[in-house]
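Beneath this line is the structure, given in structure tokens, with notes to follow.
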Amino acid sequence: MYGLHLISFLDSSWQKNVFLLEYCQKLSIAASGRNDREHQKTAMHTVATIAYDHPKALTNMDQEAILRARENKCSLFSCQEERGWGRRLARPNSRLISASARRGGANTDKRAFLDATVQVLNAARAFYVNFFLAHAEKLSERVSYYSEKHLEMRERAISANELLTWAEFHTVETKEHPLVYRRSVIKDAIGKVRAYLSNRSTWEQTGKKKGKPGLPGASNHPSLYQGTIELTVGEADQHERFVRLKVYTGACWTWVNYPVHSSCYFERRHSEADWEQQSPKLVLRNKTAELHFSQTKEIRAKKVKESKADPHLVTVAVDLNVKNLAMITVRQDGKIIETVFVTDRGLDHHRYRHLKRLAKKQWLSGKPVKGEHSNQQLWQHVRRMNEDAAHKVARIIANICAKYPGSVLLFERLRKIKAKGASKSRRMNRRQANQLRGKINQHAKDKAFAQGVVTVEVNPHGTSQYCSRCGAKGERFSILRGKRIKAKWGKLFGCPVCHYEANADLNASKNVHCSFYREWHWQPQKKAPPQAAPSG
Ligand SMILES: [Zn+2]
């Protein structure tokens, strides 16, 4: 979905020579079906990306160059062009890069400002990390307080906020570090030093010589607290939206506008009251700059044990496969009430064709050089195709769950389909397909949980071998030219006892319900040790 976006806006940045900002979506926290604590919050990560037409040359820029860039943009570009010319000439798109560089590109110094901001804050963080390491005893200080709950004076570890005020009191504010950024840097440093100290103490307890934790580094993605960022969402046209950031220009701190393009998902969550938004982080990458927003929401979901007691419970079972990506069946009161069949629309074959080409290229180029990545664009295409399909299938599953509030989503615990195959390309394709199944599982879990639907992973044993109607062991077959052929790879399933015949994936999907309700073959074993019993 956003893969396409990315390409189109990169293209336009070549033409118009302006830089654009894009948000894309990432789901970061998984909600598992069991742990109640994890149930309470689910977080969505929104990423804002800034793309530049001449990015790489500017990443390692020092303060002096920034100043020069502000005075005279052209001189900077000519010198960079000279340095980079020889290497780039060999690449087919060298003309594009250098052409846009000669014209200067719009707002390239804005990127430089971001780099300078990160550098200044890193320096400040280094100072505070050293400061706290020198005052390690302060971090482990105990403070006494009056507990309202226990109605007595108690002791607890010093909190980060108290440390913050203490550090602010003992250090001096300089022109380079205005108040708001200073607070965020100090908080970062506290976290880093605390983590280091606790790691070191556990290491000392083990008494090993190896594995001494290293001193904490100073670099981090700076958090943009209130007072350093202004973002308006929900107004104006998407293409004319800006985010105002307080950045360091090499001499002073100023407000600079950066254009923003946000996705509908980000805005929807931004406008909804129950989504809580946290301060974004500024993440600078080689080619892009991103703003990462964490958005969280409290979700109340019933425990699976409680919903299992409901006699009219709706269960949504999903069987994931390679070519028929997902077979979704909905069951209530022992009856299947809805069946949805999602095919991959040729994705498997499409991917296979690309991988065949990749395998051939790899074979031709021989042993790969260590640390060098080849065929990056093709791999990226395959990866994005997979990611796109995973999100789409997961959305279909989540939409079905949304139709039945209070339902339970069932997945098989994923088994690995072994990457067997005659050729390397087939093995690679199978591996990709396995990854795709894992991604669908993960995304569907996240998306369903955002709607309050809990996911349960059931025991997958025998779901494709036993009859979903009577529980007898059946056989796989296929019909070729009107003849019934018994084979392991057969697409159909037949039961010798009740003569039930169906698509093998449909049968497997129905069996997932049986496995959840512990019917037929999935009954809890008597006298079995507790860890061997199938968990639900
Ligand atoms: Zn049967």
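Scanning the stretch 474-488 for residues that are part of a strand (DSSP E or B) and either over 29 Å from residue 411 (Cβ atoms) or within 16 Å of the ligand (Cβ to nearest atom) (or both) returns 475, 476, 477, 479, 480, 483, 484, 485, 486. Residues in the stretch 243-293 that are among the small types (Gly, Ala, Ser), surrounded by fewer than 18 Cβ atoms within 10 Å (Cβ to Cβ) and out of contact with any strand residue (DSSP E or B) (no Cβ under 9 Å at 6 or more places or on another chain): 251, 271, 273.
Residue check: is residue 353 surrounded by fewer than 16 Cβ atoms within 10 Å (Cβ to Cβ) and within 24 Å of residue 454 (Cβ to Cβ)? In short, no. Restricted to the stretch 489-520, and to residues there that are in a helix (DSSP H, G or I) and modelled with pLDDT under 85, the residue that is nearest to the ligand (Cβ to nearest atom) is 520. Answer with yes or no whether residue 362 is at pLDDT below 85 and assigned by TED's automatic domain parsing to the domain that holds residue 453. So residue 362 fits the description; yes.
Taken over the stretch 428-470, the criterion of being within 16 Å of the ligand (Cβ to nearest atom) and part of a loop (DSSP other than H, G, I, E, B) is satisfied by 462, 463, 464, 465, 467, 468, 469, 470. Residues that are more than 18 Å from residue 224 (Cβ to Cβ) and part of a helix (DSSP H, G or I) were ranked within the stretch 270-312; the one that is farthest from the chain's Cα centre (by Cα) is 309. Annotation note: Cβ proximity below 8 Å between a residue of the stretch 494-505 that is outside the structural domain of residue 340 (by TED's automatic domain parsing) and under 15 Å from residue 484 (Cβ atoms) and a residue that is within 9 Å of the ligand (Cβ to nearest atom) and of a type in the set (A, V, I, L, M, F, W, C) (sequence gap 6+ or interchain) occurs for no pair. Checked against the criterion of being at pLDDT below 85, among the hydrophobic types (A, V, I, L, M, F, W, C) and touching a strand residue (DSSP E or B) at 6+ places or on another chain (Cβ under 9 Å), the stretch 303-318 has at least one qualifying residue.
The values are calculated or read from the model by the stated rules, or taken from the named source; none is laboratory data. Bear in mind that the values here come from a model prediction, so they are computed numbers and not experimental data. In this analysis, Cβ positions are derived from the backbone assuming ideal geometry, glycine residues included, and neighbour counts consider all displayed protein chains.
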